[in-house]
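Structure record follows, encoded as structure tokens.
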Amino acid sequence: MTEHQPAVTLQCIGHTALITLNRPDAMNAVDAALSIALGNAVAELAADPELRVGVVTGAGRAFCAGADLKALASGQNIMDSDHPERGFAGFVKHFIDKPIIAAVNGFALGGGTEIMLASDLAVVSADAKLGLPEVKRGLAAAAGGLLRLQRQIPLKLALEVALTGDPIDAETALRWGLVNRVVPADQVLDTALALAEKIAANAPLSVQASKRIIYRSAEFGSEWKDDIWSMSMQELGPVLMSKDAREGPRAFAEKREPKWRGI
């Protein structure tokens, strides 16, 4: 990255925000500039009513090599000092209700895997390597990897990844249900954008409420209890009363594509 090249770029493609980590010479390792820029890009996605889905990818041959160890070794802060609540890379604690797809185009160990785990969906290249190798360096995965991994794959598999520090290849990640698609490296971005387009074609209020409900359900116990149903209806009430909820059935009856307004 130079003064003429931002640490992160955002390109609007229809209703999708393509967010690219842009430190290819450093394998998109996370320093303060990237944390600030990625956090701001996610905030822009959240705030823009025309944007419905985000795709996060990396420039060059890597998705993200995790924390910038050179920056850390020199005593630099790699976080966004103005928004510590956003977490590592301005991303791993930065919840928005619009879906985010990780397009993992290569190396993504440590913090790169943690960014993927914090994304809602993942498309990875066939040659990608994932994992949490921190224990091999006397460290531990502090950017949410230990919290999220055991929610996304079976406990014993999560423990194997976390305790051995060994990498996971793409096909293993797919078999375990850790990622949604494995494709050749030159198809990662196109596949992720196609998936984003499919999501963006749906009613935005419905998509956002669905994401909130799925994540909020972890706060509750049995799905047979009243409190989780109350939460669900609290989220769905405004959706079912929206103009889009009338537009969907009307468009179906009239045999045309719906025109979503997000209201």
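Every read-out reported here was derived from the displayed coordinates using simple, explicitly stated rules and does not represent laboratory data. Note that this is a predicted model, so its numbers are computed, not measured. With ideal geometry, Cβ positions are generated from the backbone for all residues, glycine too; neighbour counts draw on all protein chains shown.
About the centre of its Cα atoms, region 204-253 shows a dipole size close to 240 debye [charges on the beta carbon of Lys, Arg (+1) and Asp, Glu (-1) only; nearest 20 debye]. Which pairs in the list Lys211/Lys259; Lys93/Lys129; Lys93/Lys259; Lys70/Lys93 are over 31 Å apart, alpha-carbon to alpha-carbon? The answer is Lys93/Lys259. Among the chymotrypsin sites (Phe, Trp or Tyr not before Pro) found in region 154-242, those both in a DSSP coil and sparsely packed, with 13 or fewer other Cβ atoms within 10 Å of their Cβ, are Trp224.
With distances taken between every two different alpha-carbon atoms, region 57-126 has a Kirkwood hydrodynamic radius of 12.8 Å.
Using a cut-off of 12 Å between beta-carbons, work out the net charge of the residues near Asp169 (Lys and Arg +1, Asp and Glu -1, Asp169 not included). Neighbour charge sum, excluding Asp169 itself: -1.
Packing here is the average count of other Cβ atoms within 10 Å per residue, and on that basis the peptides 235-241, 52-58, 115-121, 159-165, highest first, run 52-58, 115-121, 159-165, 235-241. Which one of Ala89, Leu51, Thr164 is farthest out on the positive end of the charge dipole of the chain, using unit charges on Cβ (Lys, Arg +1; Asp, Glu -1) and the Cα centre as origin? Sorting the options by dipole projection puts first Leu51.
I'm spelling it out carefully: the read-out is volume of the Cα convex hull per residue in Å³, the candidates are (1) 173; (2) 148; (3) 164, and one was derived from this structure. Which label? Computed from these coordinates, volume of the Cα convex hull per residue in Å³ corresponds to label (2).
Only Lys, Arg, Asp and Glu carry charge here, each on its Cβ (+1 for the first two, -1 for the last two); on that basis the chain has a dipole of about 520 debye about its Cα centre.
Each of Thr20, Thr191, Thr9 was scored by other Cβ atoms within 10 Å of its Cβ. Listed from fewest to most, they are Thr9, Thr191, Thr20. So how tilted is helix 188-200 from the main axis of the chain? Cα-based, degrees 0 to 90, rounded to 10. Tilt relative to the chain: about 30 degrees.
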